[in-house]
Amino acid sequence: MKFVAVTACPTGIAHTYMAAEALEQAATAAGHEIAVETQGSAGSAPLGADDIAAADAVVFAADVDVRDRERFADKPQVTAGVKAAINDAAALIEQATTAVRSGVAPAEAGREAGTHAGTEAESAGVPESAPSAAEPERAVEAHTGAGTRVRQWLMTGVSYMIPFVAAGGILIAIAFLIGGAEIAAVVDGGDFRGVHYDGISDPSDLLGEAGIAGVLFKVGSTAFDMLVPVLSGFIAFGMADRPGIAPGIVGGLLASAIGAGFLGGLVSGLLAGFVVMGLKRIRVPRGVAGVMPVVVIPLVACFVVGLLMLVVVGEPIAAAQSGMTDWLAGLSGGTAWLLGGLLGLMMAFDTGGPVNKVAYTFGIAALASGDTVIMAAVMAAGMTPPLGLALATVVRGRLFTRAERDAGKAAWLLGLSFITEGAIPFAAADPLRVIPSLMAGSATTGALVVAFGATSPAPHGGIWVLGLVGSPLLYLVAVAAGMVVTCGCLVAAKSFLGRRERPARRDDPAGAPVHGLVGARQG
Amino acid sequence: MAELITAELVDLDLHGSDREEVTADLAKRLAGAGRVGDLDGFLADLREREAQMPTGIEGGIGIPHARSAHVTEPTLGFGRSESGVDFGASDGPAHLIFLIAAPEGGGDEHLTVLGALARRLMHQSFRQSLLDASDAESVVRLVREEVFGQ
């Protein structure tokens, strides 16, 4: 028989090539022909179209996503980790032979064989450009439990989102530095310290009316508008390959439109991924197969995801927001520092999402009625999350991936500028441990600010409006305290919760004890 | 391009008992030969790679490796351990340890060499020759013959 294979590993300098060699040896030994594409660091010579056309089956030996997997869509597939190929390539070749002989439909063949090898790789391949350190972090490990797989998908989305967070956040911070905290109101419209701005609707007026700071702010906030769509789109991409991008991005845009924030983006991305993965399972005649990934799948998936986001997710969120707003208003007469702590919890819960927005709007409303303490608590609590995370990446760098450590560097500036979104890459990659840590820190900060009686007449600007803040030193103490609490909670959570070494077992040839650096609980 | 491996990068009698230790021993040789700038930084990169998935493979082989900004030349460090060191392979400890260091922005031809080396590791005859090699010079000669065919 004739086979084609693709090998790929995280570093791309050793296992990729060893697996290729092992597969070639095993295929030849069993009297078959094989052509292997090594997707490693030394660049890969893609398989020829003839080779693929002539192949009876395809073997994927990969711990990272296989690029351009669609090329093999109509072949029986065997999927395993690189180590399975290195340790027992003969078994994979045997499985490929069986898959061809049994005439199983492509998708099932891949799944059965994959499960058999103990390395089920549900995640469809992600086409990637050549791997290098500058590339977004890639999903490592294409097998094992559901928790790990979900984390890989989230990491794929996060890694593509980080450049938007860093570029947009820093541009906005610089805009505040140059143009003062009112620049947001000047560009987008709104009130700042009693002055009403109409905003600038025509982008060509920006430079003239708001100066370079206005331009910086507009560019930065445009990058920020892309956070949720990119996160969502590339989560779906990590799950379902290229056909996932369109429904993922559309779902993410709708998540933004309904104010669902990045948690909404996680939902829409996963939703889009699952819908596309499901659609890919449907068996169609070969003639139709060609237009499936380009037309049919994105069309159906966009509609399904969009409908769900607007109707099923959107309306409850709007209802919950108005409920929370009323509830907060009812608490206004109660213990003040408790209210500060509660607002802190809300600010950190979804960093830019619906709950955060309710808390922030509450702060703005308080400001409008002359209460500058609540605004100070809200702003300080919104500065804490990126700062606490940045601190954690410095204190315990090994708990974070390289991409996260880089995001941590930008997070200092973002936190200081009250750009809470700097926390999103961390929260999206590992929500269960990051979000509670952020909430603990921001609650501390919010409660302390109110207890100290610090005030802020400015609704944004972070450290750059410190000159306007009343009791600025105590205000900074509150921020620092929350930052330390977040850092401490997160380091503890990442060190002790849900990261467990699992001994490699004989029946688990690709057995990998530790899956990545921000591992959720295995399987 | 500098030699992939030289005699000073070979240690036929590794004493370390765990993978951190033997990896560090070999890495020190690389640093001593000027192939690695910041030893601690390089070790951190190796640990990060190792944490993703252990690099031991069946047949008694450990291949700690990393692409690292601290590496100046693509380099192979080679060590043999009589007692064996656990590298996470399912069939027992590793006796042949290959420390593969690749520079972060290495050009294609550098990485092609490492790819060729990795492929040779899958050949039983090559492994056996390395197990039998009597001194560092013969290891260097073996690698040169196998990888470069010269």
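The values are calculated or read from the model by the stated rules, or taken from the named source; none is laboratory data. All figures in this text were calculated on a predicted structure; none of them were measured in a lab. No Cβ is skipped: glycine too gets one built from the backbone with ideal geometry, and neighbour counts run over all protein chains shown. These accessible areas exclude ligands, DNA and RNA; they are computed on the full protein's heavy atoms, side chains included. Shrake-Rupley method; radii C 1.70, N 1.55, O 1.52, S 1.80 Å.
Residue count for region A:30-47 satisfying the condition of being modelled with pLDDT of 85 or more and either more than 13 Å from A:PHE3 (Cβ to Cβ) or in a loop (DSSP other than H, G, I, E, B) (or both): 6. Scanning region A:45-59 for any residue that is at the interface with another protein chain (Cβ under 10 Å from one of its Cβ atoms), aliphatic (A, V, I, L, M) and touching a strand residue (DSSP E or B) at 6+ places or on another chain (Cβ under 7 Å) turns up nothing.
Looking at A:ASP50, A:ASP74, A:ASP56, A:ASP65, can you tell me which residue is of a type in the set (Asp, Glu), buried (at least 24 other Cβ atoms within 10 Å of the Cβ) and out of contact with any Cys (no Cβ under 7 Å at 6 or more places or on another chain)? Within the list A:ASP50, A:ASP74, A:ASP56, A:ASP65, the selection yields A:ASP65.
The condition (being under 18 Å from A:TRP464 (Cβ atoms) and open to solvent by 70 Å² or more (accessible area, probe 1.4 Å)) is satisfied by just one residue among A:LEU171, A:LEU177, A:LEU207, A:LEU216: A:LEU177. Taking the criterion of being of a type outside the set (Phe, Trp, Tyr) and either open to solvent by less than 20 Å² (accessible area, probe 1.4 Å) or in a helix (DSSP H, G or I) (or both), the residues of region A:181-204 that qualify are A:ALA181, A:ILE183, A:ALA184, A:ALA185, A:VAL186, A:VAL187, A:ASP188, A:PRO203, A:SER204.
Every listed requirement among (1) among the small types (Gly, Ala, Ser); (2) open to solvent by 20 Å² or more (accessible area, probe 1.4 Å); (3) within 17 Å of the chain's Cα centre (by Cα) is met by A:ALA451 save one, (3).
When the residues of region A:60-87 are filtered to those that are away from every other protein chain (no Cβ under 13 Å) and part of a strand (DSSP E or B), the one that is farthest from A:LEU47 (Cα to Cα) is A:ALA80.
For every residue, the table says whether it meets (1) in contact with a Cys (Cβ under 8 Å, 6 or more places away or on another chain); (2) in a helix (DSSP H, G or I); (3) surrounded by fewer than 24 Cβ atoms within 10 Å (Cβ to Cβ); (4) touching a residue at least 40 places away in the same chain (Cβ under 8 Å).
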site: A:GLY363; (1), (2), (3), (4): no, yes, no, yes
site: A:GLY370; (1), (2), (3), (4): no, no, yes, no
site: A:ILE374; (1), (2), (3), (4): no, yes, no, yes
site: A:GLY382; (1), (2), (3), (4): no, yes, no, yes
site: A:PRO386; (1), (2), (3), (4): no, yes, no, no
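Among residues of region B:123-150 being under 16 Å from B:LEU4 (Cα atoms) and basic (Lys, Arg), the one that is most open to solvent (accessible area, probe 1.4 Å) is B:ARG141. Take A:LEU331 and decide whether it is open to solvent by 20 Å² or more (accessible area, probe 1.4 Å), more than 25 Å from the chain's Cα centre (by Cα) and more than 20 Å from A:TRP464 (Cβ to Cβ). Yes, satisfied. Tallying residues that are of a type outside the set (A, V, I, L, M, F, W, C) and assigned to a helix (DSSP H, G or I) within region B:13-46 yields 11.
Among the residues of region A:396-432, those that are part of a loop (DSSP other than H, G, I, E, B), under 18 Å from A:PHE217 (Cα atoms) and touching a residue at least 60 places away in the same chain (Cβ under 8 Å) comprise A:SER417, A:ILE419.
Considering only residues in region A:18-33 that are open to solvent by 40 Å² or more (accessible area, probe 1.4 Å) and among the hydrophobic types (A, V, I, L, M, F, W, C), the one that is nearest to the other protein chains (Cβ to nearest Cβ) turns out to be A:ALA29. None of B:GLY79, B:GLY88, B:GLY115, B:GLY92 is open to solvent by less than 60 Å² (accessible area, probe 1.4 Å), part of a strand (DSSP E or B) and of a type in the set (Gly, Ala, Ser) except B:GLY79. Scanning region B:25-44 finds one or more residues that are out of contact with any helix residue (DSSP H, G or I) (no Cβ under 9 Å at 6 or more places or on another chain), surrounded by fewer than 18 Cβ atoms within 10 Å (Cβ to Cβ) and within 14 Å of chain A (Cβ to nearest Cβ).
Within region B:57-69, one or more residues are on the phi < 0 side of the Ramachandran plot, in contact with a Gly (Cβ under 8 Å, 6 or more places away or on another chain) and more than 8 Å from chain A (Cβ to nearest Cβ). The residues in region B:5-56 that are basic (Lys, Arg), under 24 Å from A:CYS9 (Cβ atoms) and modelled with pLDDT of 85 or more can be counted, and the count is 3.
The residues on offer are B:ALA2, B:ALA66, B:ALA102, and the sole one that is touching a His at 6+ places or on another chain (Cβ under 8 Å), small (Gly, Ala, Ser) and modelled with pLDDT under 90 is B:ALA102. The residues on offer are A:ALA301, A:ALA289, and the sole one that is of a type in the set (Gly, Ala, Ser), assigned by TED's automatic domain parsing to the domain that holds A:ILE258, more than 29 Å from A:ARG433 (Cα to Cα) and at pLDDT 85 or above is A:ALA301. Scan region A:288-298 residue by residue and report those that are assigned to a helix (DSSP H, G or I) and exposed (fewer than 14 other Cβ atoms within 10 Å of the Cβ). The answer is A:VAL288, A:VAL294, A:VAL295. Screening A:VAL104, A:VAL59, A:VAL100, A:VAL66 for residues that are modelled with pLDDT of 90 or more and in the same structural domain as A:TYR17 (by TED's automatic domain parsing) leaves exactly one candidate, A:VAL59. Only one entry of A:ALA96, A:ALA90 meets the criterion of being in a helix (DSSP H, G or I), under 17 Å from A:GLN25 (Cα atoms) and within 14 Å of another protein chain (Cβ to nearest Cβ), and that entry is A:ALA90.
Could you tell me whether B:GLU50 is farther than 16 Å from B:GLU104 by Cα, open to solvent by less than 40 Å² (accessible area, probe 1.4 Å), among the acidic types (Asp, Glu) and not in a strand (DSSP E or B)? Yes: the conditions hold for B:GLU50.
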